[in-house]
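Peer 1: Below: one structure in structure tokens.
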Amino acid sequence: MDILIIIPIPLVESFYPPPKPPPTKKADIFDPLDCREADRIAQEVLVNTVKTFDDLVYQLTDDLYYDLLKVRAIFMWIGLQNIYDREYKEELDEQSPLGFFKRMSEGKSSYSTLFAIMCRKANVPCVLIQGIAKGSTYEVGDSFETSNDRWRNMWNAVYVCGSWRLVFPLWAYKVVIGHSSGGWKLIESNDKRIREQEMSVEGIPIDTINEYFFLTDPEEFIYRCFPDDERWQLLKIHHSKRKFVSAPYLRPLYFEKKLKITSRFNCIIFAEEGKTEISIKETGGESIMLTFDLYYNEKESSLSVPPKIQLEDYTAMIHEKPKTYFLIRFPLRGSYKLEIIGKPTPELAKLICAFKLICDNPEKRPQRFPISSDIGFGPCLETLGAGLRSPSHECGYVFIKSRQEVIFDFKLERMLSVRTSLINNYINEDELASAVSHRISSTTLELTIRVCVPTNGEYVLQIYVRERGSTEDYKVICNYLLSTTDPHRERKGWETASERSIRHNLRCSTAMSRTRDTEKLQKAIDLFNHLELPDNGDLSEANNKLDYLRVAKGLRDGINRRHIEVLDKAIKNAHSSIHEDKLEHLIQEAEHMLENLKKLKLFAHDVLEMNRLTISELHHYSKPPPVIHDVIKATFMLLGENEDEVKEWEDCQLLLRKTGKLGVLYRVKKFDFFVVNQDLIKTVADMIAPHDEETVIAASAGADKEYNPAILPQEVR
């Protein structure tokens, strides 16, 4: 914020031209390349070599013939001085340049005053303008209703090229970084899940020279600064204070890239039916990569974001060249802030505009988007950069119908390796693999992608590429948000008795939380989809429940079947689902089962490596060492024989001689550890506990195959 304590400068407006809108744009009268001589002079003149402002301005402007160049030299010279970082002597003349610098460092004057003094010394008309400004202390949505010095500021108007032009020296020379009121929590940034609370800090001013605030066009300047005297708006039609206050917070990049907000032009947006849409359009400028940050004000909302809710899943950036729009679904009531950010280069991010979003009535059952992506949905600069042109679908939000094929086409600049995938909140990606396919024509270099979704809902088509023959990871270069709900279809405000009955049936089927019958719920969903009734959260909840039942069923099937591959797939599916927390106990049971099955498989593998000669060696023992008898006896007891039936070695020999389905090898292969009585396990464990593997090996290599205490549970070993 500029300093308002200034050296009095006599106002000479009576001798100045009256304030009128300039007839031309800044670009018509100013080109930095034409000002190189003025910039060079500004760099060469040293403040320590001049005693008076007259001498200083003479050195800066004597060789320059046009007022614009004189003003340019003054503007650049001031910006190159480290006024606030110098050490000043006490006895400096306050009317000298260094003395004036000292006054500024003490908070007794300002950049605007210095600029006005020097312009007037060069006989260029210049005035000081006071008013309110959306500066570093402004929070989007501020009302400016109370008298508050933090919004007060000062800038200049200078008369060059036959018209008044606006200059804001402070903002041109200083940029404040790190300022925050401390009320906002960053929820989403660049597809990263962040819960970062802002700290209340003053901000640090950084020296810079921002060309934007030199001769700024009044049509743009009015969105940041509102003068007390409306004449100095320099507009044909004056803005009211109400219009200034309510306008979105627009930053220089918004105008530099010739962007236009095509949704409601207001800094405060009230959500309707728990959602809102903000759109921004390119109107002829160079394309720029967009992203966004979403904040939530817990203090103002009197509500904290529950850990289970990831707000970033409820925001989507949709490209529809030349427009980009942001869809936001609100799962929580309260105050949000959306910052739309431009990236002129991948490394540089600048704020374009900001909005305050207020949601009083969030959706009861808000549907989250299948993914949150930093490149958004639809063809974008990443798509073009990868070499994909002429998309058949320019819009990233595509209306589809279940079980009806949709084709997406692109032209490739060169042959690429391509992958495609389909994502849905409630259906596993592997199950959707058959719903998407692609092919590339080697002759026409056309990429054709075919999608046929199995059920109603929202899906995301992801397109990955990498160079042909490369071993680098595939990179997502385009997403499409697919929905079986037409966003443009008008809905009637009522439902028939039949439709209400079908909705009620869907809710009842969903509410049967104890049922494991997915068929009934699937039929209710199919019937609801057939009528294309609006979701209202009911369909989302039903699909969520169906997905939960399917994931749980996969775990139970794996446990019941005791199949390693089935269990492994079911466990991975459960961990990657949104139901992981709810299924924690079932997942643990499945993982315990899988661990034991793997141990058993290893044991069985060792036993099955034995051949008939090994078995023959064992049963030919006439009087084996006790360790051999104990191991063989324990084996047959686990296979189902009574202890009395294998008490004598002759009994064990008889069993070892049997072949076919009664043979020991076949019985081990079919052995089911999980049906063995726990008492028996303990008995067997106690039986072989006195022996170690070395003792068994020394007695018989064959018996070593039978000895493996690792299959016994940890608690009885």
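Peer 1: Cβ-Cβ below 7 Å, separation at least six or inter-chain, first residue in the stretch 263-292 and at positive phi, second outside any loop (DSSP other than H, G, I, E, B): which pairs?
Peer 2: Listed pairs, sorted by first residue: GLY274/ARG329; GLY274/CYS359.
Peer 1: Sticking with this structure for a sec: Test each condition in (1) on the phi > 0 side of the Ramachandran plot; (2) part of a helix (DSSP H, G or I) for ASN123 and report the one that comes out false.
Peer 2: The single condition ASN123 does not satisfy is (2).
Peer 1: Just the residues that are farther than 18 Å from THR113 by Cβ and in contact with a Ser or Thr (Cβ under 7 Å, 6 or more places away or on another chain), please, taken from the stretch 41-69.
Peer 2: If the condition is that a residue be farther than 18 Å from THR113 by Cβ and in contact with a Ser or Thr (Cβ under 7 Å, 6 or more places away or on another chain), then LYS51 is the only one that fits.
Peer 1: Considering only the stretch 518-575, state which residues are open to solvent by 20 Å² or more (accessible area, probe 1.4 Å) and not in a helix (DSSP H, G or I).
Peer 2: LEU531, GLU532, PRO534, ASP535, ASN536, ARG562, HIS563
Peer 1: Moving on. Does ALA316 satisfy being buried (at least 18 other Cβ atoms within 10 Å of the Cβ) and closer than 16 Å to GLY141 by Cα?
Peer 2: When the stated conditions are applied, ALA316 does not pass them.
Peer 1: In this structure, does ILE129 turn out to be in contact with a helix residue (DSSP H, G or I) (Cβ under 6 Å, 6 or more places away or on another chain), open to solvent by less than 50 Å² (accessible area, probe 1.4 Å) and closer than 30 Å to ILE268 by Cβ? Walk me through how you get there before you give the answer.
Peer 2: Values: in contact with a helix residue (DSSP H, G or I) (Cβ under 6 Å, 6 or more places away or on another chain): yes; open to solvent by less than 50 Å² (accessible area, probe 1.4 Å): yes; closer than 30 Å to ILE268 by Cβ: yes.
Yes; evaluated as a whole, the condition is true for this residue.
Peer 1: Scan PHE330, PHE377, PHE369 and give me the residue that is surrounded by 17 or more Cβ atoms within 10 Å (Cβ to Cβ), farther than 29 Å from TYR212 by Cα and out of contact with any Lys or Arg (no Cβ under 9 Å at 6 or more places or on another chain).
Peer 2: Exactly one of PHE330, PHE377, PHE369 is surrounded by 17 or more Cβ atoms within 10 Å (Cβ to Cβ), farther than 29 Å from TYR212 by Cα and out of contact with any Lys or Arg (no Cβ under 9 Å at 6 or more places or on another chain), namely PHE377.
Peer 1: Let me ask something else about it. Tell me which of these LYS258 doesn't satisfy, since it passes every other one: (1) farther than 18 Å from VAL167 by Cβ; (2) buried (at least 17 other Cβ atoms within 10 Å of the Cβ); (3) basic (Lys, Arg).
Peer 2: Condition (2) is where LYS258 drops out.
Peer 1: Do you know which residues across the stretch 636-662 are open to solvent by less than 90 Å² (accessible area, probe 1.4 Å) and more than 23 Å from PRO625 (Cα to Cα)?
Peer 2: Within the stretch 636-662, GLY640, GLY660 meet the criteria.
Peer 1: Looking at the stretch 141-171, which of its residues are aliphatic (A, V, I, L, M) and open to solvent by 10 Å² or more (accessible area, probe 1.4 Å)?
Peer 2: Within the stretch 141-171, just LEU170 meets the criteria.
Peer 1: Taking ILE83, is it open to solvent by less than 30 Å² (accessible area, probe 1.4 Å) and without any contact (Cβ under 8 Å) to a residue 60 or more places away in the chain?
Peer 2: yes
Peer 1: Among VAL176, VAL158, which is the only one that is at pLDDT below 90 and not in a loop (DSSP other than H, G, I, E, B)?
Peer 2: None of the others qualify; the one that does is VAL176.
Peer 1: Return the total of residues in the stretch 577-601 being farther than 15 Å from LEU549 by Cα and among the hydroxyl-bearing types (Ser, Thr, Tyr).
Peer 2: 0
Peer 1: Can you name every one of the helices (runs of 4 or more DSSP H) wholly within the stretch 16-79 that holds 3 or more residues which are under 22 Å from PRO218 (Cα atoms)?
Peer 2: 26-29
Peer 1: Any chance the stretch 272-285 includes a residue that's more than 15 Å from ILE340 (Cβ to Cβ), outside any strand (DSSP E or B) and among the charged types (D, E, K, R)?
Peer 2: Checked the stretch 272-285: at least one residue is more than 15 Å from ILE340 (Cβ to Cβ), outside any strand (DSSP E or B) and among the charged types (D, E, K, R).
Peer 1: Regarding the stretch 86-95, can at least one residue be identified that is closer than 30 Å to LYS20 by Cα and either touching a Phe, Trp or Tyr at 6+ places or on another chain (Cβ under 6 Å) or open to solvent by 50 Å² or more (accessible area, probe 1.4 Å) (or both)? Step through it out loud before you land on a result.
Peer 2: Just the residues of the stretch 86-95 that are closer than 30 Å to LYS20 by Cα, to begin with: none.
The answer is no; no qualifying residue exists.
Peer 1: A further question follows. Can you tell me which condition LEU56 does not meet? The list is (1) surrounded by 19 or more Cβ atoms within 10 Å (Cβ to Cβ); (2) closer than 16 Å to ASN156 by Cβ, and all the others hold.
Peer 2: (2)
Peer 1: Restricting the first residue to the stretch 436-462 and requiring it to be of a type in the set (Phe, Trp, Tyr), which pairs with a second residue that is open to solvent by 30 Å² or more (accessible area, probe 1.4 Å) meet a Cβ separation below 6 Å and a spacing of at least six or different chains?
Peer 2: Final answer for the pair search is none.
Peer 1: Also: How do the pairs read when you match residues in the stretch 237-259 that are free of Cβ contacts under 8 Å to residues at least 24 places away in the same chain with residues anywhere that are open to solvent by 20 Å² or more (accessible area, probe 1.4 Å) and assigned to a loop (DSSP other than H, G, I, E, B), using Cβ under 6 Å and keeping only pairs 6 or more apart or on different chains?
Peer 2: SER246/ASN266
Peer 1: ALA349: open to solvent by 10 Å² or more (accessible area, probe 1.4 Å), over 17 Å from the mean Cα position of the chain (by Cα) and among the small types (Gly, Ala, Ser), yes or no?
Peer 2: Here the answer is no, as ALA349 does not meet what is asked.
Peer 1: Condition first: closer than 20 Å to GLY376 by Cβ and of a type in the set (Ser, Thr, Tyr). Now tell me which residues in the stretch 411-466 satisfy that.
Peer 2: THR420, SER421, TYR459, TYR464
Peer 1: Mind telling me which of the residues THR496, THR485, THR420, THR444 ends up being modelled with pLDDT of 95 or more, hydroxyl-bearing (Ser, Thr, Tyr) and open to solvent by less than 70 Å² (accessible area, probe 1.4 Å)?
Peer 2: Working: THR496 fails: modelled with pLDDT of 95 or more; THR485 fails: modelled with pLDDT of 95 or more; THR444 fails: modelled with pLDDT of 95 or more.
Only one candidate passes the filter, namely THR420.
Peer 1: Filter the stretch 293-317 down to the residues that are in contact (Cβ under 8 Å) with a residue 40 or more places away in the chain and over 23 Å from ILE578 (Cβ atoms) and list them by number.
Peer 2: ASP293, TYR295, ASN297, GLU298, LYS299, GLU300
Peer 1: Within the stretch 124-146, identify whether any single residue is over 47 Å from the mean Cα position of the chain (by Cα) and charged (D, E, K, R), and answer yes or no.
Peer 2: no
The values are calculated or read from the model by the stated rules, or taken from the named source; none is laboratory data. Values in this document were obtained by computation on a predicted structure and should not be read as measured data. Because the Cβ atoms are built from the backbone with ideal geometry, glycine has one as well, and the counts that use them run over all protein chains shown. The protein model used for the area step is the full one, side chains on, heavy atoms only, and it has no ligands, DNA or RNA in it. Shrake-Rupley method; radii C 1.70, N 1.55, O 1.52, S 1.80 Å.
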